[in-house]
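What follows is one structure encoded as structure tokens, with my remarks underneath.
The values are calculated or read from the model by the stated rules, or taken from the named source; none is laboratory data. Owing to the predicted nature of the structure, the values given are computational and were not obtained by experimental measurement. Note that each Cβ is placed from the backbone with ideal geometry, even for glycine, and that neighbours are counted across all protein chains shown.
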Amino acid sequence: MSSPTPYEVVPDPAEPDGPDRADGSAELDQRETFALLFNDPAVRTYTIAALAALAVVFLVLFENGSDLGALLVAAVGAAGVFLRWTTAPGFVLVLVTYFMVFPLGLPGSEFESRSEITDGRFRPPDLMLAAAVVVYAAAQFRLYGFVRQAVASEGSDRRPGDPPARRPPALVSANEFAVLLGLSAVAVVLGQLVWWAATGVEVVPGEDWPLRWAQDSRSQRQAFPRAFPGDDGRFRDAPAEPLPPRTSRFVLLVGMLFFTTVVARLVFGYWRLRAMGPAEGAMVVQDGGWLETKRERSRLEKWRAWGRKRAGGDEPGGTG
Amino acid sequence: MLTPRGTWFLVVSGIVLAVGALVVPLYSVVPVLLALALLAWFAAEWVAFQTRSCAAVSRLTVTRTVLQGGREVPMVWAGLAFEVRVTVRNPSTFDIPFAVVEDRPAVATDRARGAGRRFVRIPAGGEVELTHTVTAPSLGVLRFEGVQVRVADPNGFFLRRVFLRDPAEYLVLPPLTDDEGRQRATKRFNTLPPPGAHRLRLPGSGSELLDLRDYRPGDPPKTIAWKASARRDRLITKEFENDVPVRTVLFLDTTDGVRLGPPGNTLLTRMAAVAAGVAQSAAANRDLVGLTTFDERGAAGASPARTKLHMIGVLRRLAEASALQPGADGVPAEVLTARAYPLARELYPELMDKRANAMPLSRLWLPLLDRRFGWLVPVMVIVGVLLFYLGLRSLYLGVFRPEAFADRGAWDTQALLGARQWLLRALNFAASLTPASWPFLLKVGWLLLMLAVTFFPPATLGLIFWFFFGARGWFGERRRELTERKQLAALFALLDRAGPDPIERYVADDRAYAARAAAFLQQHLLRCPVPLYDETGRYRYRCPGKAAVLAGALVRAVGRARDNELYVVFADLAELGPDLAPVVRACRAARARHHHLLVIVPWPADVPPPDEADGPPVVATPDEDDRPTRGPRARPRRPEGGLARLVRESLTRQYHEAFRALRRELGRAGATVMRVSDGDPVRVVLDRLDRLRGLRTRR
């Protein structure tokens, strides 16, 4: 075996075979996909994370008594990872929901418990399951970005024959996966907190401040079933009746969602206005001026067309 | 922007949240906890993306450098690869972890190396560079619009596309031939003639012997050939060659007819390439070269000169002429919109976004009163109210006649009771038409509508008709067309800095809109399909006016000429027919002054030359044009048949006849006519030029 000349390009034996790590425009076939999933260090991390998360989901479901559901979820999730199904996280979520309600897989196997809502806060198996599902969904979507498409096409702006835009593994930073794990943990805790707030607070429309802790309300109702005298000796009304628990949860969840969205939109909307370029700002101002005067301008143009037609010219025509 | 993937994820998570929180919480709270965790993660990704989008993506800048031969150049040479280097800077303190940076390719360029697209991480305060090598096969103007940057989150939920506009135009000059390096290998002389010296047949005061002739009184004695005189026993005089520069003037046709065709492959581009070769060949022979470009409106030119700077100027003018585009007169506004709208969305995404350039529903509303029959609706409304009033009045005065009652009070009571009864019946009727199972608000609305129908039938029907007539504008093709046109009109108004005034003008006036949209397309060097024939079926781009302009330019050149001028006309004159008369007269005038005249006609690519074997013509359908001619996907092109073949043969025959007539007419006037086909190299033209000049040059 002859030694390589200085001009020969010797492939690095550590480099895996396959597509360019820094280029995402090549379309991968199934074989190259497998090679990327298991050979590339950055992608392999996500592959292992997705499979591990599925294993945790499997275990929790199995522990819950739904062995069929555990198998189904694991199969659909693994197929999503290996066969590039972008809809797999949705299916996994729906399957987990179904089998958590119907552990045996058939309607009628559900078990109703009045204390499920109050007892279901910060249970370790639920925390593990939620974290596993979040990690699986994130890993699955990122894997899909590595092997198929990371940048969506913009509807009508898509040009035929456009190459896919995969996310090259070379762009994965060293701490990306750690950030994902941390973010997943925060998201799980935040979800628990939101649920705790939605079930621990009840809406009382008749009160000045229409929210109060559900525990206080219950204790008040138990202590003063009808009415009670106050310090001044006069009888006061019993505490106002709160909304039913389901309605209260609905109002609270929708309210939290609404106000969070409004605040976020306000913050980022204002930031966007601040970051707006001169041309975009000029367009906004111009469009505002047009919006205020469009009726008058449209009428003027109709008179212009009429005048031209009357003067013997042809009708200008238009879409307005 | 939320991508479809993000939308689906949000929808599924929202459904699971609703089911988990409202339907099944007593069985298991896990679904709602899962959904809340997923939504919290989604929200966190959204906040991160929005933060980067506002802080970093909005502040990206771009610079462009074009290098040829290793140094930055303001213009490039056709056929030679040049490097385009684009640098995208991120001055913010946030990095962009994943972006696709894509340099928008200039029209009529071939990519030689590099993809023009990179998948990058743009670090905070840093920059990324995109380098690719491009070749411009033909001369003209290259326009680089800018760089498109698409930023996405790692999960593919969000996407933001910005276009960093950095318009830059570069002239593509014809390849500069090296005076010594491109000489023919069979040259017969190793020395260049002195500058400006050019040997011609006409006798003059040069140093090379041209001929011997009999002595004429007045000939200087020093020109007598004494040996020849002694041999013949009579005085013989030597004649010497004339050493004067040959002035070559090129006339280039730039009318709309020669601008038609795909970018970089028009008749004008081919003629300009040949003209550039002729000009450089003449300059290599130390001749003076001038250039006159003409169209139907006038001519503009540069006087013959010999300096390097002048030659560069001539090449620049040729490149600029090559980039000219045909006018868009007669192109329907819809066609222009179909071309201009995608371009505008690509180049000006933030200005075409509905947040900045909106189309309100009220503007899409179809105004009923613009139609003559629309005035029936107000009439119906008024009539409806009148009928209601008259009905009540007749009920009051007619049914319950006052004379039938003993006193006024009884009559009043009876009339009021009757009216009340009538109203109650109407209410009952309306209530009977309202389904009881509907929700409360819907039921109230429906009841009010039924009451309106009961009390004011014509007015209510008229108003319902008015609503449905106007609401038709919110749907369908008109909505799309009007929205696109308004957005383009607003963009044009902004680019022209004209304020909101022209927006409605462009929406309402097809002519003004078409002119502006065509100018927009031409500014961005994008061609739109132009109709070749007018309403009467005549060819719209015959351009007969150019004959008079060309004749005037020729006559002016003759008037300014000294001697030994060579006029080379690059023009599509074949179809002018009787309109050619001014050119013929000008050619005669030029020949009368002993100037040489060469007319070069560009031969259309789709017409076989006259000397080519007349095989069955083939035609390619549009979808076949992209097929390879070789390889497994190649399909044999089907021969034309039937009527199409007849028409094509007839048109070909007609063009051949026209060309023969042109050659005959101009030949009679003393001009030489030659055609340049698509594949003819410039060398062929130069050889013919050499033959025309009597092989008197050193080549």
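With the requirement that a residue be at the interface with another protein chain (Cβ under 7 Å from one of its Cβ atoms) and more than 22 Å from the chain's Cα centre (by Cα), what does the range B:479-504 give you?
Narrowing the range B:479-504 to residues at the interface with another protein chain (Cβ under 7 Å from one of its Cβ atoms): B:481-482, B:485, B:490, B:493-494, B:499-500, B:503-504.
If the condition is that a residue be at the interface with another protein chain (Cβ under 7 Å from one of its Cβ atoms) and more than 22 Å from the chain's Cα centre (by Cα), then B:499, B:500, B:504 are the ones that fit.
Does the range B:534-546 contain any residue that is free of Cβ contacts under 8 Å to residues at least 60 places away in the same chain, in the same structural domain as residue B:260 (by TED's automatic domain parsing), surrounded by 15 or more Cβ atoms within 10 Å (Cβ to Cβ) and part of a helix (DSSP H, G or I)?
No, because not a single residue in the range B:534-546 is free of Cβ contacts under 8 Å to residues at least 60 places away in the same chain, in the same structural domain as residue B:260 (by TED's automatic domain parsing), surrounded by 15 or more Cβ atoms within 10 Å (Cβ to Cβ) and part of a helix (DSSP H, G or I).
Having 2 or more residues that are away from chain A (no Cβ under 14 Å), touching a residue at least 40 places away in the same chain (Cβ under 8 Å) and touching an Asp or Glu at 6+ places or on another chain (Cβ under 6 Å) is the bar; report the strands (runs of 3 or more DSSP E) wholly within the range B:109-170 that clear it.
Qualifying strands (runs of 3 or more DSSP E): B:127-135, B:140-152.
Here is a yes/no grid of residues against (1) within 22 Å of residue A:184 (Cα to Cα); (2) β-branched (Val, Ile, Thr); (3) surrounded by fewer than 21 Cβ atoms within 10 Å (Cβ to Cβ):
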{"site": "B:18", "(1), (2), (3)": "yes, no, yes"}
{"site": "B:47", "(1), (2), (3)": "yes, yes, yes"}
{"site": "B:71", "(1), (2), (3)": "no, no, yes"}
{"site": "B:75", "(1), (2), (3)": "no, no, yes"}
{"site": "B:88", "(1), (2), (3)": "no, yes, no"}
{"site": "B:93", "(1), (2), (3)": "no, yes, yes"}
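When you check residue A:54 against the structure, is it within 12 Å of chain B (Cβ to nearest Cβ), surrounded by 22 or more Cβ atoms within 10 Å (Cβ to Cβ) and in contact (Cβ under 8 Å) with a residue 12 or more places away in the chain, yes or no?
no
Just need a number here: residues in the range B:22-32 that are surrounded by fewer than 24 Cβ atoms within 10 Å (Cβ to Cβ) and either in contact (Cβ under 8 Å) with a residue 12 or more places away in the chain or not in a loop (DSSP other than H, G, I, E, B) (or both).
Residues in the range B:22-32 being surrounded by fewer than 24 Cβ atoms within 10 Å (Cβ to Cβ) and either in contact (Cβ under 8 Å) with a residue 12 or more places away in the chain or not in a loop (DSSP other than H, G, I, E, B) (or both): 2 in total.
Considering (1) over 30 Å from residue A:42 (Cβ atoms); (2) loosely packed, with under 14 Cβ neighbours inside 10 Å, say which one residue A:178 fails and leave the rest.
That leaves (1) as the condition not met.
Quick one: is residue A:255 more than 9 Å from chain B (Cβ to nearest Cβ) and farther than 30 Å from residue B:510 by Cβ? Can you show your working first?
Numbers: more than 9 Å from chain B (Cβ to nearest Cβ): yes; farther than 30 Å from residue B:510 by Cβ: yes.
For residue A:255, the condition - more than 9 Å from chain B (Cβ to nearest Cβ) and farther than 30 Å from residue B:510 by Cβ - is met.
Exactly one of these conditions fails for residue B:57: (1) touching a Lys or Arg at 6+ places or on another chain (Cβ under 7 Å); (2) within 20 Å of residue B:105 (Cα to Cα). Give me its number.
(2)
Scan A:112, A:116 and give me the residue that is within 8 Å of chain B (Cβ to nearest Cβ), surrounded by fewer than 16 Cβ atoms within 10 Å (Cβ to Cβ) and over 19 Å from the mean Cα position of the chain (by Cα). Step through it out loud before you land on a result.
Working: A:116 fails: surrounded by fewer than 16 Cβ atoms within 10 Å (Cβ to Cβ).
That would be A:112, the only listed residue that is within 8 Å of chain B (Cβ to nearest Cβ), surrounded by fewer than 16 Cβ atoms within 10 Å (Cβ to Cβ) and over 19 Å from the mean Cα position of the chain (by Cα).
Being more than 8 Å from chain B (Cβ to nearest Cβ) and touching a residue at least 24 places away in the same chain (Cβ under 8 Å) is the filter; apply it to the range A:171-188 and report the residue that is farthest from residue B:154 (Cα to Cα).
Start the filter on the range A:171-188 by keeping residues that are more than 8 Å from chain B (Cβ to nearest Cβ), which leaves A:172, A:174-175, A:177-182, A:185.
Cutting the leftovers down to touching a residue at least 24 places away in the same chain (Cβ under 8 Å) gives us A:172, A:177, A:180-181, A:185.
Working: A:172: 9, A:177: 11, A:180: 11, A:181: 14, A:185: 18 Å.
Here the answer is A:185.
Considering the range A:100-109 alone, what residues qualify as being more than 10 Å from chain B (Cβ to nearest Cβ) and assigned to a helix (DSSP H, G or I)?
The answer is none; no residue qualifies.
Quick one: how many residues across the range B:491-527 are under 17 Å from residue B:145 (Cα atoms), in a helix (DSSP H, G or I), in contact (Cβ under 8 Å) with a residue 60 or more places away in the chain and hydrophobic (A, V, I, L, M, F, W, C)?
The total comes to 3.
Counting only residues that are surrounded by fewer than 24 Cβ atoms within 10 Å (Cβ to Cβ) and within 9 Å of chain B (Cβ to nearest Cβ), which one in the range A:119-143 is farthest from residue A:55 (Cα to Cα)?
A:119
Among the residues of the range B:342-351, which ones are facing another protein chain (nearest Cβ under 9 Å) and either of a type outside the set (Asp, Glu) or assigned to a loop (DSSP other than H, G, I, E, B) (or both)?
B:342, B:345, B:348, B:349, B:350, B:351
Which members of the range B:471-483 meet the condition of being part of a helix (DSSP H, G or I) and surrounded by fewer than 17 Cβ atoms within 10 Å (Cβ to Cβ)?
B:471, B:472, B:474, B:476, B:477, B:478, B:479, B:480, B:481
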